[in-house]
Every structure is written in C-alpha cells, then in structure tokens.
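In what follows, a structure is listed as structure tokens, so that the remarks can point back to it.
Nothing in this text is a laboratory measurement; each read-out follows from the coordinates by a stated rule. Keep in mind that what you see is a predicted model, and the values were worked out from it rather than measured. For neighbour counting, all protein chains shown are included, and Cβ atoms are generated from backbone atoms with ideal geometry for every residue, glycine included.
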Ligand SMILES: [Zn+2]
C-alpha cells in the first residue's frame, strides 16, 4: 500500500498518504500513540528508542497501515535487549 498506493484489502487507488498521527500526552514523558523499545529493559536507565508512526489510509474502505518513520534504532534496541537477556 505504501509503494503502489493500492489498498491491500479492497484494491482502491484512493489512498490518503502519508497521514500524520497525533499523540495525546499522558502523565510523564509518555504518549498514547507511537513506538518504543528499551535496549536495557531491566536497567535503571532503559535506553529507550522511539519512532513516530505514519499512516496510509484507504479512502474507500478505511483500511489503514502504519509505518515506523525511524525503525533502525528500534531494531537496534531490541537486539541489544535480547543480548542482555541472554547474558
Ligand atoms: Zn480499501
């Protein structure tokens, strides 16, 4: 859907993209929407990596796909967390 702008569910070419996701702050440094991964989940300093999400929305049926705008650091944090848990 991101590459060809065709809905994966209904085949429509009316894709709204990229649609920006809004976040709503909650208590502390947390948000209701977004992605996060801790490189050191059990540590005092979690070394958290975050990424925003962008949405691709079919204007015909509403089917929506989300893509992380910065997936590399999330992946690195998950790999580091797995290495730490294996030690
Ligand atoms: Zn659709």
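General remarks:
- Residue in the range 70-84 that is closer than 30 Å to residue 15 by Cα, in contact (Cβ under 8 Å) with a residue 12 or more places away in the chain and part of a strand (DSSP E or B) present: no
- The number of residues in the range 38-76 being more than 16 Å from the ligand (Cβ to nearest atom), touching a strand residue (DSSP E or B) at 6+ places or on another chain (Cβ under 7 Å) and within 26 Å of residue 19 (Cβ to Cβ) comes to 13.
- The range 47-63, residues that are under 18 Å from the mean Cα position of the chain (by Cα) and at negative phi: 48, 49, 50, 51, 52, 53, 54, 55, 56, 57, 63
Results for (1) more than 19 Å from the chain's Cα centre (by Cα); (2) in contact (Cβ under 8 Å) with a residue 40 or more places away in the chain; (3) surrounded by 14 or more Cβ atoms within 10 Å (Cβ to Cβ), shown as yes or no for each residue.
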| position | (1), (2), (3) |
| --- | --- |
| 7 | yes, yes, yes |
| 10 | yes, yes, no |
| 17 | no, yes, yes |
| 20 | no, no, no |
| 29 | no, no, no |
